[in-house]
Amino acid sequence: MPVYIVLLGPPGAGKGTQAQLISEKLGLPHISSGDIFRENLKNQTDLGKLAKGYMDRGELVPDDLTIQMIRDRLSRPDCVSGALLDGFPRTVAQAEALTQMLAEFTGRVNAVPYINVAEEVLVERLTGRWTCRAEGHVFHEKFSPPKVAGVCDFDGSELYQRPDDNVETVTRRIRVYLDQTMPLIAYYRQGGVLLEVDGTKTINQVGADLLAGLDKMV
Ligand code: AMP
């Protein structure tokens with residue numbers, strides 16, 4: 001049976017950082033909906049052009065487009081044993097579509113790690129964030145700076161600040177998260193698959209808590 005994990009948490013909770021660790025440890029492909037949208041934006045595909053305005057404003061791309069994009073991605077051969085989803089689902093409609101889609105692949109959502117971080121610290125985390133162009137490794141100018149400013153420690157590629165990591169857009173993204181994505185916590189808790197961890201601990205400690213919890217669930 002394939003294993004599917006959904007990583008939940010507000011923007012700036014550290015989902016991308018922890019996803020890299022979990023994906024490596026469990027041998028599951030890391031599927032980030034935001035990364036796929038950014039890739040489409042860069043390559044100026046039709047999907048990228050449709051998504052751009054929403055992303056620039058910090059709003060969600062419409063469900064139908066997003067669900068189809070994820071369905072295509074999960075249908076690829078590297079996902080036969082399952083996947084780690086980061087940034088999807090973000091609405092109840094997306095979560096319901098995912099449940100249905102996974103049933104078609106003879107699977108289900110096995111675990112939902114939820115990285116809980118209080119709203120107050122998210123703005124500072126996101127506006128100080130620097131992301132690597134090659135692989136999406138993330139750094140923070142104050143909390144986890146790279147060894148050399150502007151250069152990724154892992155692959156030497158250039159670090160940049162995402163255009164949606166400015167104060168105004170970050171504030172909108174957090175509000176969108178509270179309105180549209182928070183209900184998923186109750187949805188998955190009811191399903192008995194939620195694994196809540198404290199995202200204000202150190203990166204290593206959060207990673208250890210996640211792996212220990214997942215060990216019991218998958
Ligand atoms: P992220 O990298 O996860 O912060 O996503 C960046 C942006 O991509 C979001 O602000 C949305 O505009 C869009 N996006 C990513 N995932 C989704 C999703 N599941 N549903 C709708 N929009 C999404």
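The values are calculated or read from the model by the stated rules, or taken from the named source; none is laboratory data. Here the structure is a predicted model, which means the values were calculated and not measured. Don't worry about glycine lacking a Cβ; one is built from the backbone with ideal geometry, like all the others, and counts go over all protein chains shown.
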*Please tell me if P2 is in contact with a strand residue (DSSP E or B) (Cβ under 6 Å, 6 or more places away or on another chain) and either over 21 Å from E96 (Cβ atoms) or surrounded by fewer than 22 Cβ atoms within 10 Å (Cβ to Cβ) (or both).*
yes
*Please work out which one of (1) within 13 Å of the ligand (Cβ to nearest atom); (2) in contact with a strand residue (DSSP E or B) (Cβ under 9 Å, 6 or more places away or on another chain) is the condition A97 fails and give its number.*
(2)
*Just to be sure, is I185 in a helix (DSSP H, G or I) and in contact with a strand residue (DSSP E or B) (Cβ under 9 Å, 6 or more places away or on another chain)?*
yes
*Give the residues of segment 201-217 that are modelled with pLDDT under 95 and surrounded by 14 or more Cβ atoms within 10 Å (Cβ to Cβ), sorted by residue number.*
I203, M217
*Is segment 61-83 home to any residue that is within 12 Å of the ligand (Cβ to nearest atom), under 14 Å from the mean Cα position of the chain (by Cα) and in contact (Cβ under 8 Å) with a residue 40 or more places away in the chain?*
no
*Complete set of residues in segment 55-80 that are surrounded by fewer than 17 Cβ atoms within 10 Å (Cβ to Cβ) and more than 17 Å from L98 (Cα to Cα)*: D56, R57, E59, P77, D78
*Looking at segment 34-52, is at least one residue in contact with an Asp or Glu (Cβ under 6 Å, 6 or more places away or on another chain) and either within 11 Å of the ligand (Cβ to nearest atom) or more than 20 Å from P77 (Cβ to Cβ) (or both)?*
no
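Among the residues in segment 43-59, are any small (G, A, S) and touching a residue at least 60 places away in the same chain (Cβ under 8 Å)? Before you say what the answer is, go through the steps one by one.
First pass over segment 43-59, keeping only residues small (G, A, S): 48, 51, 53, 58.
When the remaining residues are screened for being touching a residue at least 60 places away in the same chain (Cβ under 8 Å), the result is 58.
Yes, there is a match, as at least one residue in segment 43-59 is small (G, A, S) and touching a residue at least 60 places away in the same chain (Cβ under 8 Å).
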*Output for segment 5-19, where each listed residue is closer than 15 Å to H137 by Cα and either more than 11 Å from the ligand (Cβ to nearest atom) or of a type in the set (F, W, Y) (or both)*: G14, T17, Q18
*Under 8 Å between Cβ atoms, at least 6 apart or on separate chains: pull out the pairs that start in segment 4-16 with a residue that is closer than 17 Å to G58 by Cα and end on any residue that is among the polar types (S, T, N, Q) and within 10 Å of the ligand (Cβ to nearest atom).*
P10/T181
